[in-house]
Amino acid sequence: MTMYKLASKKSLIGTTVVAAAIAGLSVLPAHADAPSAIVAAVRAQINHTGSDGLPAGPGPGGLTGSGYQGGPNQSNSVDGQEWCADFAGWAWAQGGASDLGALSDAAASFYDYGTRYGTLSSTPAPGDAVVFSYSASQDWAAHVEIVTSVSGGTITAIGGNENNEVEQDTFGDAVGTSTYNGTISGYIAPVVPAGPPSVPAVTGSLESASTVVNPANGHLVTYVRDSAGHLWSVDPQGAGWTDFGVAAAGNPTTIVNPLNGHLVTYVRGVDDHLMSVDPQGAGWTDFGKVIVGNPMTVVNPVNDHLVTYVRDANNHLWSVDPEGAGWTDFGATAVGDPYTVVNPTNNHLVTYVQGIDNDLWSVDPQGAGWTNFGKAISGPPMTVVNPANNHLVTYVRDSNDHLWSVDPQGAGWTDFGATAAGNPYTVVNPTNNHLVTYVNGINNHLWSVDPQGAGWTDFGAVIAGDPHTIVNPANNHLVTYIQNAADNDLESVDPQGAGWVDFKMAIDDAAADGH
């Protein structure tokens with residue numbers, strides 16, 4: 001994964017070639033305010049501990065503290081693991097450090113971070129991480145702290161998980177110095193963007209967005225692809241932007257693995273193979289099959305397996321369950337991207353697709369098999385479970401730009417009129433269980449429709465491509481992500497909260513390719 005800007009360091013340990021590998025990105029000094037923000041953050045935590053025996057959190061510790069967590073791949077300090085790295089990652093986050101996804105709960109991950117991004121040094125500076133007793137052969141380190149001051153060959157550092165609290169230490173600054181925390185192995189400066197951490201320093205444009213809730217912290221994390229084929233994620237409340245490298249020829253879909261809480265992203269790779277990436281676990285996986293379009297992954301509630309549905313160049317619909325049945329061929333049945341949902345009445349996986357006759361079709365391999373809904377559609381369908389009756393309700397667009405829904409067990413087909421220039425996205429509003437659909441309207445404004453409530457709402461913004469909406473679990477607000485047609489930026493809107501947020505990065509029209 002790639003940085004945005006490098007913090008300058010005076011002398012490097014060993015050979016670092018990371019910066020040379022980052023094409024198109026310039027190396028600039030870090031924000032002048034970043035080290036002071038990091039130092040101020042850790043100084044405010046000295047002696048914080050949990051009176052109930054749990055690790056400290058920002059402010060009062062224990063059950064009344066929120067715990068320390070930095071990068072998306074780090075645990076919270078209250079989860080029970082050794083938490084010196086979680087504290088150091090949290091400290092860096094307070095200074096706006098980027099690429100925190102490269103950090104883990106292990107102290108050694110800071111040393112690895114410095115090697116990867118060229119910020120490993122033998123010369124300390126405030127805000128640096130100091131790593132103790134690093135072993136390259138084991139990729140292990142004894143401890144990590146944050147340097148708060150440097151004076152006359154001596155450093156002061158503050159670390160977490162020292163006697164189950166945050167403590168301050170002072171010792172000689174030379175690499176190789178033996179301390180009660182271990183032997184000093186090196187100093188690592190954080191990578192800090194030259195602007196706000198939510199704005200990556202890249203050129204080109206993004207081409208689609210998939211947003212999920214990280215169960216570890218409740219943050220909304222969005223995954224996108226840029227025009228150079230890089231896969232990115234952005235957590236505005238945490239790690240900011242993370243670059244996964246040149247990895248994507250299609251639009252990503254991300255899901256939470258219920259077995260471990262990891263965020264796993266599926267995408268059509270640059271070789272057109274189905275690929276997945278679990279940054280906290282297996283890393284990249286190549287499924288070995290050439291696909292077209294974009295994948296769709298769901299959790300099978302019977303066994304918690306992740307099952308992915310794709311289409312190949314011959315319009316065959318396939319599914320793959322790597323932990324179970326492997327690959328399954330449904331035949332030459334699909335001309336668009338599939339959409340799969342769990343039927344809550346029987347836990348069957350039901351897939352909806354635009355068939356080779358352009359009609360809406362569904363397949364339930366464990367139940368009714370194939371069903372033709374008898375209506376020609378344009379673009380991929382979107383299906384949700386109506387919590388009021390557990391019916392599967394599907395939303396589609398026809399060739400005349402009419403928005404339709406179909407509930408085969410209830411109202412049948414409903415025509416919302418000539419209202420859709422793009423593909424619909426429907427979510428359940430948890431505050432009232434209404435089905436709310438978002439769409440690029442025929443005037444290219446973002447629109448929503450709640451037939452049981454407010455009816456149609458025009459958000460006023462001219463958009464390109466299709467919207468994507470998610471429920472923010474922190475407040476149950478519906479947050480929608482779009483491409484603003486005026487400046488092509490990725491934006492989100494929370495009408496009940498923050499309103500419009502501009503992520504300051506351009507999006508491509510290819511967002512209209514699907515959900």
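The values are calculated or read from the model by the stated rules, or taken from the named source; none is laboratory data. Because the structure is predicted, anything quoted here is derived from the model rather than measured. Glycine gets a Cβ as well: all are built from the backbone with ideal geometry, and neighbour counts include every protein chain shown.
Filter segment 476-490 down to the residues that are free of Cβ contacts under 8 Å to residues at least 24 places away in the same chain and within 19 Å of the chain's Cα centre (by Cα) and list them by number.
Across segment 476-490, the qualifying residues are H477, D489.
Residues are listed down the side, and each one gets a yes or a no for (1) over 22 Å from P430 (Cβ atoms); (2) touching a helix residue (DSSP H, G or I) at 6+ places or on another chain (Cβ under 9 Å):
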site: A334; (1), (2): yes, no
site: D337; (1), (2): yes, yes
site: N343; (1), (2): no, no
site: Q354; (1), (2): yes, no
site: V363; (1), (2): yes, no
site: Q366; (1), (2): yes, no
site: F373; (1), (2): yes, no
site: T383; (1), (2): no, no
site: A388; (1), (2): no, no
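Within the bounds of segment 458-467, is there any residue that is modelled with pLDDT of 90 or more, farther than 22 Å from R225 by Cβ and outside any strand (DSSP E or B)?
no
Got a sec? Which of Y113, Y68 is closer than 20 Å to G245 by Cα and not assigned by TED's automatic domain parsing to the domain that holds D278?
Only one candidate qualifies: Y113.
Only one of (1) in a strand (DSSP E or B); (2) modelled with pLDDT under 80; (3) among the polar types (S, T, N, Q) is not met by T203, so which one is it?
(1)
Does at least one position in segment 154-166 carry a residue that is among the polar types (S, T, N, Q), surrounded by fewer than 23 Cβ atoms within 10 Å (Cβ to Cβ) and part of a strand (DSSP E or B)?
yes
If I filter segment 235-254 down to residues being modelled with pLDDT of 85 or more and part of a strand (DSSP E or B), which single residue comes out as farthest from A91 (Cα to Cα)?
That would be T253.
Can you tell which of D286, D278, D271 is surrounded by fewer than 18 Cβ atoms within 10 Å (Cβ to Cβ), more than 22 Å from the chain's Cα centre (by Cα) and within 18 Å of L231 (Cβ to Cβ)?
D271
Can you tell me which residues in segment 439-457 are assigned to a strand (DSSP E or B) and touching a Phe, Trp or Tyr at 6+ places or on another chain (Cβ under 7 Å)?
Scanning segment 439-457 gives V439, H445, L446, W447, S448, V449, W456, T457.
Mind counting the residues in segment 394-422 that are within 19 Å of W456 (Cβ to Cβ), part of a strand (DSSP E or B) and touching a Gly at 6+ places or on another chain (Cβ under 8 Å)?
Total meeting the criteria: 4.
Yes/no per residue for (1) buried (at least 20 other Cβ atoms within 10 Å of the Cβ); (2) within 30 Å of L349 (Cα to Cα):
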position	(1), (2)
M382	yes, yes
W404	yes, yes
V427	yes, yes
H434	no, yes
N440	yes, yes
V462	no, no
D466	yes, yes
L478	yes, yes
A485	no, no
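If M505 meets every condition in (1) at pLDDT below 90; (2) surrounded by fewer than 17 Cβ atoms within 10 Å (Cβ to Cβ) apart from one, which number is that one?
Failed condition: (2).
Give me the residue from segment 341-360 that is touching a Phe, Trp or Tyr at 6+ places or on another chain (Cβ under 7 Å) and buried (at least 21 other Cβ atoms within 10 Å of the Cβ) and, out of that set, modelled with the lowest pLDDT.
G355
Can you tell me which residue in segment 311-341 is nearest to A247 (Cα to Cα), limited to those that are in contact (Cβ under 8 Å) with a residue 40 or more places away in the chain and hydrophobic (A, V, I, L, M, F, W, C)?
Looking at residues that are in contact (Cβ under 8 Å) with a residue 40 or more places away in the chain and hydrophobic (A, V, I, L, M, F, W, C), I get V320.
Check V436 against each of (1) farther than 17 Å from D466 by Cβ; (2) in a strand (DSSP E or B); (3) at pLDDT 95 or above and name the one condition it does not meet.
(1)
When segment 423-433 is examined, which residues are found to be within 15 Å of V479 (Cα to Cα) and either more than 23 Å from the chain's Cα centre (by Cα) or part of a strand (DSSP E or B) (or both)?
Y425, T426, V427, V428, N429, T431
Take the residues in segment 255-296 that are within 18 Å of G71 (Cα to Cα) and assigned to a strand (DSSP E or B), then tell me which one is modelled with the lowest pLDDT.
Top of the filtered list is G283.
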